[in-house]
Each structure stands twice: as structure tokens, then as C-alpha cells.
Amino acid sequence: MSKTQPYFYLLGLYFILPDIFINYVIQFRKIILPGTPYRFLFTVLIILIPISNFLFAQEPVPPDIISINGKVLNGNNHAPLDYATISIFSVVDSGLIGGGVSNENGMFSIESKSMPFFIEVKFLGFLSKKMGPYEVQSNQKEVTLGEIILTEDAESLAEVDVIAERSQMQLKLDKRIYNVEKDLANTGANAAEILDNIPSVEVDMDGGVSLRGSGNVRILIDGKPSAMLGMSGAEALMLLQGDMIERIEIVTNPSSRYEAEGDVGIINIILKKNKKTGLNGAITATVGYPQNHSLGVNLNYKKGKFNLFGGYSLNYRRTPGRGYLYQEVYTADTTEISEQISDRMRGGLGNTFRLGSDFYLNDKNTITLSANIRPAISENTTNLRYLDFSNGGNLAREITRDDTETETKRDYEANLNYVKTFKKKERKFTVDAQWSISNDLEESDVVERNLNTGSEIEQRVENLEGGQNWLVQSDYIHPFAKNGKFETGVRNAFRNINNDYKVEQLNNGEWQIFGDFLDDFTYRENIYAAYAMAGNKTGKISYQGGIRAEYTDITLTSESEQSRNRKRYLNWFPSTHLSYEFNEKNSLQLSYSYRVTRPRFRLLLPFSNYSDSRNFSQGNPDLDPTFTHSIELGYLKYWKTGSFFSSLYYRYSTGAIDRVVFVDSTGNSIRVPFNLSTEISGGYEANINQKITGWWRINFNLNVFWFTRDGEHLGQSFDASTFRYNFRINSQWNLPKDFNAQANWMFRSPYTDTQSDLKLMSVLDLSLSKDILKKKATITLSVQDVFNSRIWRGVIDHEDFYRDYEFQWRVRQYLLSFTYIINQNPNKKSSGGPDVDDMMDL
């Protein structure tokens, strides 16, 4: 029996487990871990058995194998060169018989066939070096080559500079990578603002994130769901400071290895972590107007088999926003006219602590432990004015409503990661486990005054959310043939959320529950998944196919409704990727995937906010998931000074979810989500990244998008169709005396949604930076939204009502930032590690 067979047998048992074994597991759970789902215990069993097998089993070494050792050094300063490539060739026929890379100390130890050989050592930016031939003596087990000195190659270094300039955005057929720390427009920004600067991504007036025009996108941190995103997602992104983010990956048509959640794809936020030897990092301080002040420290220390990384971010932000609403409500004999003016201020003090360590047990086994803690407190105010007019257009009534809210958040997260590599390249086994807990308490004091009568209403609102998440997954990659690869894995995710909500009103000196605004809502979500996929390459054609199974068990409980709603379903999600490589710089890919979007927690809540007593949102516990078929055809070409990427995409969704606004005869509105039948959408996306001159580079992104939706609710038709386009232009200039400038222009065309006609939006950001202290530090001055035009405007023209509205959740900002690099030479060329490999895949 091979070492991998027990793993595959257990993967099969995961779906065909006999009832008698389930009973044993259930009894064990009752005694040892009461309340733990039995499939969670079984998944841990699946993972632990192959871990012990991989950890303690030793691979036999054939008797004709020798070990070749050496150390690669920089000829200028004798510093070690990590990730240098060492190739071993046979003297007889010059065939490749072994190879590997140097570690962080420049050292390597490579197993090879015992025969006469010569070697070639390569490192990006240096002249390659050939050594040998070497004769191997009888019964010799080791050959020590000593120090190998490489010298820099001026012509090659120039090519490295070109690659480095392209690295702000890296294009691959299956994903796009945005190195956000290299974008001056992101200085001092939070995660929501950074996402709003990325092509094809949009953050709406409620803080919701959409990709290619759809809000059904999955957001991950370091490839996994995270407590740092909290339970609301949108607010959490505003609390995540950009100085902790290294890059953002956009995966528009994921394969079966990814969870099936998110019909338009995945946004993966990668936090900073360095693996360079010694102590290195960066310190960033930002001051801004309106108040936006932050201090971020990211450090990394690596020595031998130990790598410690951590970060701390402190930020204080007060973000003003405003809104306006004009509304007409039509009844049988009259028209009710009203206006609403809103001013708001959000933000407060936030902290983020991040600490982790890599333990290199040996050259094939690594364990990583990490933890995140984020406490935050915000003071949010909302001031509303309601103006009601008579039929003659005269002001009949004026009401003010002032809401002062204190929000306290606590997020905790712990992660464990194990990686096992093998002698065979690309063969890998990984285990990930995660536990997180989140608490969010919102307490509001509300005073509503009628300025005509002098009457006053006092209310208070309390909203407490608490959640706990468990995640355990295991993945195994097994290469075969020359270019083939088989992957498989299992994943269990458990999520429990409790939401206590109540609104009280002061009546005759006593606080009493107001209306029906009282509920204790519980959400339980268990998702069990397994996948298998395989791919290979024949000539210029690469192909990959996979299947993923996900069993979903969701239970919703509402005390006020005295209801319990449980939904369970098993779904299969296939994926296929085909690519044709015309040459190393031109490739074409066709992909298909089937995905699901489960209703977010906020969409299920009976109540979510009562700041505005005339316009509020309500959830729908009866929402069903949306299932989507997605097809994409992409073309990628790159050349010495730039690259071009284009994509045609098409999606067919059933059970599409959209929020519908209803207005009663008094003018009060409620926005409720519903499954509105089917949606067909598609579009074309193009990206051009071009170096115009040695000091000027431009990136242009265009997304043309259309959709049609068929929907009906309570006899009303909500059919809709639209055509829209967005484009972004990013221009960067390398100026004399270490100055750099950047302009970022975004344009969004008008378009029609289910009920609204949205107006165009155009936004310009400008930034200027200068390197100082021998390029160890950088000062950046930026203006975000130069013309203060990042405003959402729309019109709803319904047979029962008409409304014209606008909302601005962030006004123009001025930011000054200082960044200091610790023990990192900004002129040092890349070490030739994984980042460079990624760039070469452009």
C-alpha cells in the first residue's frame, strides 16, 4: 500500500460512512466533546491519519543516489543568495539528472544520481556559472562544492527593473494580482477604499462590495474566511487598515479547489508576511483631513528554522457623509411630497494586533501558527431632517431625528497551518485549522423632535451580535507524468451567530418595547465539502477538470416569530479549464464553473437598523441560495514593456437575490430582499498595462457589462435589463530627484437596476511621493476624490411613488504619509524567489 492510499480511502468513507460508525462517533462526541458535529470529528480523523503517515514515514533512498552540497554567494558583498537555481547534468549526454534551489543562507543540498556530472548555477540579475565535470568515487555518498561566487550582470539587472515596474499588477489567466502597497492612491486607505480603487471592483453607498457588477462575491483573508471581516463585512473592511495588506487577488472563475461560494468569483486579501533572513519590516504613519490618522508597524524576523512575523495598526478616523432624498407618494386623491436631508459622522479608534510564526521542522515539514486580535470602538452620529409639504408645495411639517451610537467590536482569530512537501516537485500535503470569535455591540440614543408642535420622542436601540466560527481543511497535490497534477481535499466549516435586537421608547418615564422591534435571532451554518480535480498538458494544450461536493445545513431560529427554519441540501459543483499557449507570451483560456451564493447573514435578519424611522431595511429568513453557471474566455499577451488581457464572460443564475423598496401611503419605505427568479448577465473586460517611456507608465481597464432579470413578487413585476460600462486609468510618473506622481481616474456610466436609474460617477485621485534618507523612507501626499464627486445618485420612478436620491459615504480627503523601511535595501534586486516567478508568469 502506498503512503497516499489511506488518505483516499478516508476521503471515500467521508461520503459512504456506514451508520454503525456514525453511531460510535456520536457516542464519542457526547462523552468527550458534547455539541461538536460528528462530521467535524471525522474530518479531524481524516486529516490526522495522513499527517502521522507523512510525518513519520521515511522515503527510501536508492543506493545509487548521492548528495551534492554547496553555498551560493553574491560576489560583491559575499551575502548569501536565496532561491538560486542549481541544475545538475550528466557528463555523458548532458541530460538533466537533478536540481533544486538554495535556502535563505545560500546553502543547498540536492540528491542526484551517482554518475559523473557538472552543474550550472543561475540567479536572476547575475551571470550564470558552470562548474565541473566531477567524478563520483565508488561508495561515495556526498560531494561538497564549497562556496560558489556569482557576479552581477548589468544587462540582466536592467531586465529585472522592467519586471519590477510591472509588479503593481500581475495578470494571469486564472486570477489577477494587485500589489496594493505599490499604489500611491492606497496610502492611508482602509480595505474598503483600496478595493474601490481596483479595476472591476466597486464599493456601493452601503459599503457592499461588487465584482463585475454583481455583489455575490466571496471575500477572503489569506485564502480563508476571517473574523477580521466580522459578521457585517462592509463595516469590517473599513476597519482593516491598508498598511497591513500586501496584495489582493481577484479570481473570476474559480476551480473546484476553491469553496463554491460567490457566483462572480473570489476576492482574496493577502496580509503582509516576509520570509527574508534577519529583521526587516516597515513603519507607516499617516495624518489626514478630515480626521484620518494611523500608525502601522509590520516586522519580520527570520533565523534558521524560525520565522516570526507580526504587525500592529492603530487608527483614528472620523468620516463625514451626507445624503438627500426627494419623494412623491401617489394615493387615490392626493400626492404626498417630502424631503429628507441627512448628515452623518462615523468612525473612532481601532487597533489590530497580528502575530505569527513559521517553524521549519526540516526541509519538508513546516508548521505556522498565527493569531489576530482587533478591538475597536466607534462613535457614530446620524442627523436627519424630514420636511413634509402640502399639496400646494408649502412646508407643512419639519421633524429632526438625532441618533448617537456607540459601537464596540471585538474580533479574535487563531490559525494553524501545516505543510508537507516531498522529494518530487509540486507534491504537497497541507492542513489548515481556524477558530474565530466576534462580538459587536451597537447602542444608540435617539431623539426625534417635531419642530411644529414641540413634541419629543426618546428611543434607544440595542443590537448585539456574537459569532463563532470553526474551519478545518486538508489538501493534497500529487503530480504525475511530466505535467500532470491530481488534487483532492476535504473542508468543514461551522458558523454560529446570535443577534439580539430591540428598540425601546420612553413612555411616561418608563422604557417600553417599541412596536415589534424585539427579536433574538440565531443562525447556524455547517458546510461539509470535498473535491477532486486533475489536469495535464499535451503540447500547447493544458486542461483541467474537477468536481466539488458541498453539503449545507442551515438553521434559522427567531424568538419573536417563534419560528425555526432549517434548510439542508447537497450540491455538486463541476469546473473545467482549457488553455492554449500560442507561445510563451500569448495564451488563450476557456473556463466553466458552477457556483452558489448563500444569503448573507444580514439579508436574513428581521431587523438591522432603526436610525431612520421612515426608511429602513428588513431581512428575509426565507431566502434561498442563488446558483450560477459561469463561462469565461480569456486572452493574455505580454511583451517587454507591457501586457494586454481581455475576457468575455457569461453567467446564468437561478434564484437571483435583489432588494426591493416598498413605500406605504404615509411615505415610509422598507427595503426587503427576495429571490427574483432568473438573471442572465455577461460582459467584456480588457486591461492594458504599458510603459510609455522610461519614466511614464499607464494602466487602462475597461469593463462593459449587461444583465437581464425576470422577477415577480406579490403580483408586481420586477423585470429589469441594463447596459453599463466602467473604466479606470492609472498613470504613474517617475520624476527627477526621487519624486513619483500618480493619477487615478474612475468613470462609471449611468445604468438601470431592478428599480433604480443610477446616474454617472467620475472620480479623480492624485498622489505625489518622494524617497528620502537614501531611499529608506518615503513621504507621500495624496488627495482622494479631488472634485468631491464620489456620490451615488439615482431615481426610482414607480407607479405608486417617485424618489430622487443621492448619498456620499466618504468626502474628499487629504493625506500625508511617512513610511520607513527597516533593513531592506530598496535598490536590491529581487532574490529570485516566488514573487519573481509570479511576475514571469505575466
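The values are calculated or read from the model by the stated rules, or taken from the named source; none is laboratory data. Predicted model, so just to flag it, every value in this text is computed and none were measured. Don't worry about glycine lacking a Cβ; one is built from the backbone with ideal geometry, like all the others, and counts go over all protein chains shown. What goes into the accessible areas is simple: the full protein's heavy atoms, side chains included, and nothing from ligands, DNA or RNA. Shrake-Rupley method; radii C 1.70, N 1.55, O 1.52, S 1.80 Å.
Just a few scattered comments:
- Evaluation of Arg651 against the conditions (1) closer than 26 Å to Ser717 by Cβ; (2) among the basic types (Lys, Arg); (3) open to solvent by 60 Å² or more (accessible area, probe 1.4 Å); (4) at pLDDT 85 or above shows that the sole unmet condition is (3).
- Residues in segment 670-677 include none that are over 26 Å from Asp263 (Cβ atoms) and not aliphatic (A, V, I, L, M).
- Criterion violated by Arg566 - all others in (1) closer than 30 Å to Arg491 by Cβ; (2) over 26 Å from the mean Cα position of the chain (by Cα); (3) buried (at least 17 other Cβ atoms within 10 Å of the Cβ) satisfied: (3)
- Number of positions in segment 410-466 that are outside any loop (DSSP other than H, G, I, E, B) and farther than 30 Å from Glu510 by Cα: 23
- Restricting attention to segment 632-650 and to residues that are in contact with a Gly (Cβ under 9 Å, 6 or more places away or on another chain) and hydrophobic (A, V, I, L, M, F, W, C), the residue that is nearest to Gly683 (Cα to Cα) turns out to be Leu648.
- Test: residue in segment 784-799 that is at pLDDT 95 or above, under 29 Å from Gly642 (Cβ atoms) and open to solvent by 30 Å² or more (accessible area, probe 1.4 Å): yes
- Search result, residues across segment 757-769 that are touching a Lys or Arg at 6+ places or on another chain (Cβ under 9 Å) and either of a type in the set (Gly, Ala, Ser) or surrounded by fewer than 15 Cβ atoms within 10 Å (Cβ to Cβ) (or both): Leu760, Ser762
- Answer residue from segment 308-331, given it is over 21 Å from Arg803 (Cβ atoms) and of a type in the set (Ser, Thr, Tyr) and is surrounded by the fewest Cβ atoms within 10 Å (Cβ to Cβ) among those: Tyr316
- When the strands (runs of 3 or more DSSP E) confined to segment 101-200 are screened for residues that are at pLDDT below 75, those reaching at least 2 such residues are found at 169-171.
- Qualifying residue in segment 110-125 (condition: closer than 24 Å to Lys424 by Cα, open to solvent by 70 Å² or more (accessible area, probe 1.4 Å) and either among the hydrophobic types (A, V, I, L, M, F, W, C) or in contact (Cβ under 8 Å) with a residue 60 or more places away in the chain (or both)): yes
- Among the residues of segment 510-548, the ones that are open to solvent by less than 70 Å² (accessible area, probe 1.4 Å) and either in contact with a helix residue (DSSP H, G or I) (Cβ under 7 Å, 6 or more places away or on another chain) or not in a strand (DSSP E or B) (or both) come to 4 in all.
- Test: residue in segment 485-508 that is surrounded by fewer than 17 Cβ atoms within 10 Å (Cβ to Cβ) and among the small types (Gly, Ala, Ser): no
- The one condition in (1) touching a helix residue (DSSP H, G or I) at 6+ places or on another chain (Cβ under 6 Å); (2) within 30 Å of Phe306 (Cβ to Cβ) that Gly356 fails to fulfil: (1)
- Residues satisfying the stated conditions in segment 80-97, i.e. open to solvent by 30 Å² or more (accessible area, probe 1.4 Å) and free of Cβ contacts under 8 Å to residues at least 12 places away in the same chain: Asp93, Ser94, Leu96
- Selected residue (criterion: nearest to Asn365 (Cα to Cα)) from residues of segment 291-301 that are part of a strand (DSSP E or B), open to solvent by 20 Å² or more (accessible area, probe 1.4 Å) and not aliphatic (A, V, I, L, M): Tyr301
- Looking only at segment 353-392, and only at residues there that are open to solvent by 60 Å² or more (accessible area, probe 1.4 Å) and among the acidic types (Asp, Glu), the one that is modelled with the lowest pLDDT: Asp363
- Entry remark, segment 277-290: residues being farther than 17 Å from Tyr820 by Cα and surrounded by 16 or more Cβ atoms within 10 Å (Cβ to Cβ) number 2 in total.
- Hey, Phe727 under 27 Å from the mean Cα position of the chain (by Cα) and open to solvent by 20 Å² or more (accessible area, probe 1.4 Å) or not: yes
- Strands (runs of 3 or more DSSP E) contained entirely in segment 310-392, each with at least 3 residues that are farther than 23 Å from Ile221 by Cα and of a type in the set (Ser, Thr, Tyr): 319-330, 335-346, 365-389
- Any hit, segment 332-352, residues being open to solvent by 20 Å² or more (accessible area, probe 1.4 Å), in contact (Cβ under 8 Å) with a residue 60 or more places away in the chain and hydrophobic (A, V, I, L, M, F, W, C): no
- Screening Glu561, Glu581 for residues that are out of contact with any His (no Cβ under 7 Å at 6 or more places or on another chain) and in a strand (DSSP E or B) leaves exactly one candidate, Glu581.
- Selection status of Leu395, open to solvent by 20 Å² or more (accessible area, probe 1.4 Å), hydrophobic (A, V, I, L, M, F, W, C) and either modelled with pLDDT of 95 or more or closer than 30 Å to Ala191 by Cβ (or both): no
- Criterion applied to Glu426, Glu407, Glu465 was being among the charged types (D, E, K, R) and open to solvent by 20 Å² or more (accessible area, probe 1.4 Å), and the one residue passing it is Glu426.
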